[in-house]
């Protein structure tokens, strides 16, 4: 099984948050972890925002980014499919990077074959769109 993680899920691997243990368990059980190329800058931006808000110290941000950079080569990183993402944004009313993540997950599914991909996100609209596109959507507690 390949687990596709959007940025909200990817963050939970590195930062202890609600449902982090679920995501870590899904990743541990997966044969491969996939994400979009945009996940790295999105993760960096989310961490920087949390640092500015006082939720994370700078040392934690540096540590997470260092760990993610080290692991990045081990991930199945999917390039941007801008035309497909644009169509998904219109069809499902998604924000731009959410549509990019969905397009990337669908690309993985096509390459891997049907039920071999499970989708992990903590964005309700993105999960609904993923389910409508026929992806297996992981839910906390499963």
Identify, please: which residue in segment 32-58 is in contact (Cβ under 8 Å) with a residue 40 or more places away in the chain and surrounded by fewer than 18 Cβ atoms within 10 Å (Cβ to Cβ) and is, among those, nearest to residue 8 (Cα to Cα)?
37
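Condition check ((1) more than 21 Å from residue 13 (Cα to Cα); (2) at pLDDT 95 or above) across all residues:
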{"site": "95", "(1), (2)": "yes, yes"}
{"site": "112", "(1), (2)": "yes, no"}
{"site": "132", "(1), (2)": "yes, yes"}
{"site": "140", "(1), (2)": "no, no"}
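Restricting the search to segment 110-127, which residues are within 14 Å of residue 31 (Cβ to Cβ), in a helix (DSSP H, G or I) and in contact (Cβ under 8 Å) with a residue 60 or more places away in the chain?
Of everything in segment 110-127, those that are within 14 Å of residue 31 (Cβ to Cβ), in a helix (DSSP H, G or I) and in contact (Cβ under 8 Å) with a residue 60 or more places away in the chain turn out to be 112, 116.
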Here are 91, 84, 109, 37: which of them is in contact with a strand residue (DSSP E or B) (Cβ under 7 Å, 6 or more places away or on another chain) and within 15 Å of residue 130 (Cα to Cα)?
109
Count - residues of segment 77-96 that are within 16 Å of residue 6 (Cβ to Cβ) and either free of Cβ contacts under 8 Å to residues at least 24 places away in the same chain or out of contact with any helix residue (DSSP H, G or I) (no Cβ under 7 Å at 6 or more places or on another chain) (or both):
7
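Results for (1) within 15 Å of the chain's Cα centre (by Cα); (2) at pLDDT 95 or above; (3) farther than 19 Å from residue 139 by Cα, shown as yes or no for each residue.
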residue	(1), (2), (3)
12	yes, yes, no
35	yes, yes, no
39	yes, yes, yes
51	no, yes, yes
70	no, yes, yes
87	no, yes, yes
Collect the residues in segment 97-132 that are farther than 16 Å from residue 5 by Cα and touching a helix residue (DSSP H, G or I) at 6+ places or on another chain (Cβ under 8 Å), keeping them in residue-number order.
132
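The values are calculated or read from the model by the stated rules, or taken from the named source; none is laboratory data. From a predicted model like this one, the values you see are computed outputs, not experimental measurements. Reconstructed Cβ throughout: ideal geometry from the backbone, glycine too, with neighbour counts over all protein chains shown.
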